[in-house]
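Here's the structure, in structure tokens; my notes come after.
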Amino acid sequence: MQKLTVLGTGVLGSQIAFQAAYHGKDVVAYDLDAEAVAALPARWDYLRPLYLRDLPDATEDRLEQAVARISASNDLAAALEDADLVIEAVPEVLEIKRDMWAKVGALAPEKTVFATNSSTLMPSDIADATGRPAKFLALHFSNEIWRQNIGEVMGHPGAATESVTAVADFAEEIGMVPVVLKKEQPGYIVNSLLVPFMSAAARLYVRGIADPGVIDSTWRTATGSPFGPFEINDIVGMETPYNLNSRSEDPELREFADILKRDFIDTGRLGRAVGRGFYNYGPDGSIQSS
Ligand code: NAD
């Protein structure tokens with residue numbers, strides 16, 4: 001599959017478009033918001049130094065060629081015209097996704113395979129809206145996809161094996177490590193492991209058992225992991241854990257959400273991307289102090 005159309009050019013959509021182009025795919029980046037499309041050159045300027053920093057094979061020349069392989073569009077029909085694969089990264093709202101996929105199903109050529117990057121919805125929640133459930137499945141990326149390069153491939157009972165294989169192959173061709181789940185699972189593999197881990201850390205903190213720095217260093221020392229849970233919070237950014245925990249039925253996790261809001265979000269300590277979160281970071285992203 002050579003021709004990729006990415007729907008939604010926000011945080012993840014822009015990364016998927018850039019990563020595919022970096023690996024030689026022809027990419028159309030579609031967003032319904034003209035401002036999001038206009039912001040794409042700035043997205044590429046943000047990503048370029050990160051590729052140079054993190055990938056030994058990145059050169060200015062190769063990155064320039066990647067940018068040249070991406071065209072941007074506000075016109076859905078034109079964006080889908082010759083797509084081999086569509087990857088959707090629009091907001092995590094079921095109605096928005098179903099509505100989007102109904103339009104795509106009506107417009108895309110017969111050959112096109114469809115994949116959603118949804119983090120929490122199941123492919124079977126959306127598949128019927130596409131009008132071609134056998135060609136629809138999930139390909140889930142992790143933020144900073146060029147280096148956290150897992151590609152979780154998850155079908156649904158109506159997905160065709162050829163579609164699953166084609167999407168897993170595509171993921172590998174664009175530098176991901178594909179992993180095919182045998183069944184649908186909310187949170188795939190990564191978040192099924194990560195969310196309970198992060199919740200356990202939040203409870204230790206809320207109960208006053210230990211400070212975040214101690215919880216993190218205990219985990220790193222005991223397991224050899226590079227990051228503890230609060231360092232991961234800083235990497236993810238505070239908004240996602242806040243949204244997740246504020247809706248929890250567990251009062252301790254709601255208390256954690258209140259702390260995130262009061263002491264972090266409202267004070268601009270949004271995480272590593274802004275240099276401040278549970279820790280203070282230097283310009284190279286290393287921890288300077290807690
Ligand atoms: P985002 O808010 O940064 O981007 C969403 C984009 O979709 C915006 O540019 C918006 O203008 C556009 N959009 C809204 N409605 C649209 C429509 N109908 N058609 C086309 N574009 C539309 O969101 P994000 O963080 O990139 O997340 C997108 C998807 O990726 C979600 O399903 C999310 O679960 C998933 N995801 C996010 C992350 C992450 O770390 N941010 C990681 C893995 C998966």
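Run the helix sum for the chain: -39,500 (n - 2.57) per DSSP H stretch of 4+ residues, divided by residue count, reported at 222 nm to the nearest 500 deg cm²/dmol. Let's see the in-between values first.
Values: 13 runs with 131 residues, N = 290.
Helix-only estimate at 222 nm: -13500 deg cm²/dmol.
Tell me, what % of the accessible area of segment 1-155 is carbon and sulfur with a 1.4 angstrom probe?
Details: 3410 of 6230 Å².
Here carbon and sulfur together make up 55 percent of the probe-accessible area.
How would you classify segment 88-175 from its alpha-carbon gyration tensor, with a ≥ b ≥ c the square roots of the eigenvalues: rounded for a/c under 1.5, else prolate if a/b is greater than b/c, otherwise oblate?
oblate
Which of Ala83, Ser71, Leu52 sits closest to the plus end of the dipole of segment 29-114, meaning its Cα is farthest towards the positive end, when Lys and Arg get +1 and Asp and Glu get -1 on the C-beta?
Leu52
I'm a student and want to see the number: the projected area of the Cα convex hull of the chain, averaged over all directions, in nm².
Over all viewing directions, the chain projects a mean Cα-hull area of 15.4 nm².
With every protein chain left in place, what is the accessible area per residue of the chain in square angstrom, probe 1.4 Å?
Here the per-residue accessible area is 47 Å².
Which angle between 0 and 90 degrees, to the nearest 10, do you get for helix 94-107 versus the longest principal axis of the chain when only C-alpha atoms count?
Taking the Cα atoms of the chain, the angle to 94-107 is about 20 degrees.
Considering only segment 3-180, what is the antiparallel percent among its DSSP beta bridges, to the nearest 5?
On the way: 4 of 28 bridges.
Antiparallel: roughly 15 percent of the beta bridges in segment 3-180.
By how many degrees, between 0 and 90 and to the nearest 10, does the Cα long axis of helix 11-22 differ from the longest principal axis of the chain?
With rounding to tens, the tilt is 60 degrees.
Treat every Asp and Glu Cβ in the chain as -1 and every Lys and Arg Cβ as +1, leave all other atoms uncharged, and give the resulting dipole magnitude about the Cα centre to the nearest 20 debye.
With Lys and Arg at +1 and Asp and Glu at -1, about 440 debye.
Roll a 1.4 Å probe over the protein heavy atoms and report the accessible area of Met1 in Å², nearest 10.
Its accessible surface works out to 70 Å², give or take rounding.
Would you please calculate the Kirkwood hydrodynamic radius of segment 212-258 over all C-alpha pairs and express it in Å, rounded to one decimal?
11.4
Against the longest principal axis of the chain, how steep is helix 212-223, in degrees 0 to 90 to the nearest 10, with axes from Cα atoms?
70
Within segment 243-286, report the trypsin sites (Lys or Arg not before Pro) that DSSP leaves as loop and that have at most 12 other Cβ atoms within 10 Å.
Details: sites: Arg247, Arg254, Lys261, Arg262, Arg269, Arg272, Arg276; in loops: Arg247, Arg269.
Filter output for segment 243-286: Arg247.
Distance from the Cα centre of segment 208-240 to that of segment 128-164, in angstrom?
30
The values are calculated or read from the model by the stated rules, or taken from the named source; none is laboratory data. Keep in mind the model is a prediction, meaning the values are calculated, not measured. For neighbour counting, all protein chains shown are included, and Cβ atoms are generated from backbone atoms with ideal geometry for every residue, glycine included. Remember, those area values only see protein heavy atoms, side chains included, never the ligands or the DNA or RNA. Shrake-Rupley method; radii C 1.70, N 1.55, O 1.52, S 1.80 Å.
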